[in-house]
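Nothing in this text is a laboratory measurement; each read-out follows from the coordinates by a stated rule. Predicted, not measured: the structure shown is a model, and the values here were computed from it. So basically every Cβ, Gly included, is an ideal-geometry build from the backbone, and we count neighbours across all protein chains shown.
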Amino acid sequence: MLNPLWTESPPLSESLCRACGERPRRMKIDLPKELELDNLSVPVLSETHFAQNSLLSWSISIAAFFAVMGLIRLIKGVVAKRLAKRPLSETTTVGHGSWTQVVKATGWSLYLALGISAARLAIELPGAGEKILTGLVSLLLGIQVARWAQAILGAVLEAWALREGDARSRTAAGGIRFMGRIVIWTVVTLLVLSNLGVELNAVVAGLGVGGVAAALAVQSILGDMFAGLFMYFDRPFDIGEFVILGDVLGTVESIGLRTTRINSLSGEQIVLPNGDLAKRFIRNYGRMRERRIVFKLSVEYNLPAEKLERARQILEEAVRAQPDVRFDRAHFFAFGQYGLEYEVVYYVLSGDYNMYMDRQQAINLHIYREFKAAEIPFALPVQILGFRDGPPGAFGAPQGPAPAPAT
């Protein structure tokens, strides 16, 4: 059936009609129904259906899905650029760091969740399909919220550790971050399961039964994990400290959930299980506030008492002349096998090993110069053998010729 569409005559016809003295006539044009302004559509898309929705609805849904994803990515890029242009003084604040980490943590889980939500508005799905999409959106949003919470927690802890500026704060921040991740993902998992209609009581009961079996199967791994957890809070050592653990010595690089990594003096990285580490004796040089030093030296025998006293004075002067050093004592304390022995004790007012070696070197050079000027010789590991005359067979006496045999 054709529908009429009325239009005015062209301007030229109108002018001719007016010249003839006649009224302009209205022309009647018949158009197909599909070309009416109220029914402009493509019949194939609107009349073809798939999964209870027309292809046109599916096309709009897919277009909305990609459009929303692209829009969110564009917004993320704009916000990231604006945060990057902030002045340096503002970039060190907790708020700026939190926003920066939130933008970085925004990812595909949010894009997909919002894209699916926009696509659902253009189509109608049966109950099962709608339930699946609702659960998928809840899961994706839960993952994104967990990532945002981790990012904010990490930014706050990082700012706090930088403000404190010590190794203990970095170690404590690592422990709090680890516990925070467990809490965040546990809460998000429970919320997502609850939103999906899962009975949490049954889940908790199943975890209790399965947890016992899993604990028996991975007993050593769980032992390492709990040892690492306690190390975060007991803190026998912190990141960056020099430690000796049995035959292992080096600087602590990181304290993980299951292992601790140490950079040894020879350069290689040593990975120790936390459970094994908790059973060792730990010598932590990183927390040494001052270092006690004891050294000995010997001078020759047969020196007069005045020079022995002068040697003791030189030893004390050598120590007191050094900065960042506290003198304790210097004594002539023993008659050694090769000489007269002195013992000196002092403290370096720092745990820095390089400082200790610098001070000890300066003390040694001072003692060497002063002993040489005072003509006080150092004892050397030599033995002096003396011989004396005596009857044959006496100790130390030279033996005579053997007697002639009797005939």
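Per-structure values
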read-out: Whole-Hz ³J(HN,Hα) from phi, Karplus 6.51 cos²θ - 1.76 cosθ + 1.60, for region 234-240, glycine and proline x; value: 6, 6, x, 8, 10, 5, x
read-out: Selection of chymotrypsin sites (Phe, Trp or Tyr not before Pro), region 234-297, meeting DSSP coil and at most 16 other Cβ within 10 Å; value: 281, 285
read-out: Whether region 232-362 is rounded, prolate or oblate, judged on the alpha carbon gyration tensor where a/c under 1.5 counts as rounded; value: prolate
read-out: Region 54-198: C-alpha gyration tensor shape, a/c 1.5 cut-off, then a/b vs b/c; value: oblate
read-out: In nm, spacing of pseudo-spin labels at residue 358 and residue 190 (7 Å Cα→C-beta vector); value: 5.5
read-out: Percentage, to the nearest whole number, of Cα pairs in region 292-344 over 13 Å apart; value: 58
read-out: Using θ = phi - 60° and Karplus 6.51 cos²θ - 1.76 cosθ + 1.60, couplings along region 227-233 (whole Hz; Gly, Pro as x); value: 4, x, 5, 5, 5, 4, 9
read-out: At most 16 other Cβ within 10 Å, DSSP loop - GluC sites (Glu not before Pro), region 121-177; value: 124
read-out: 3J(HN,Hα) from dihedral phi, region 256-273, Karplus parametrisation 6.51/-1.76/1.60, rounded to Hz, x for glycine, proline; value: x, 5, 10, 10, 10, 10, 10, 8, 6, 5, 7, x, 7, 9, 10, 9, 10, x
read-out: Potential extension, residue 308-residue 73 segment - 0.36 nm per residue separation minus Cα distance; value: 76.2 nm
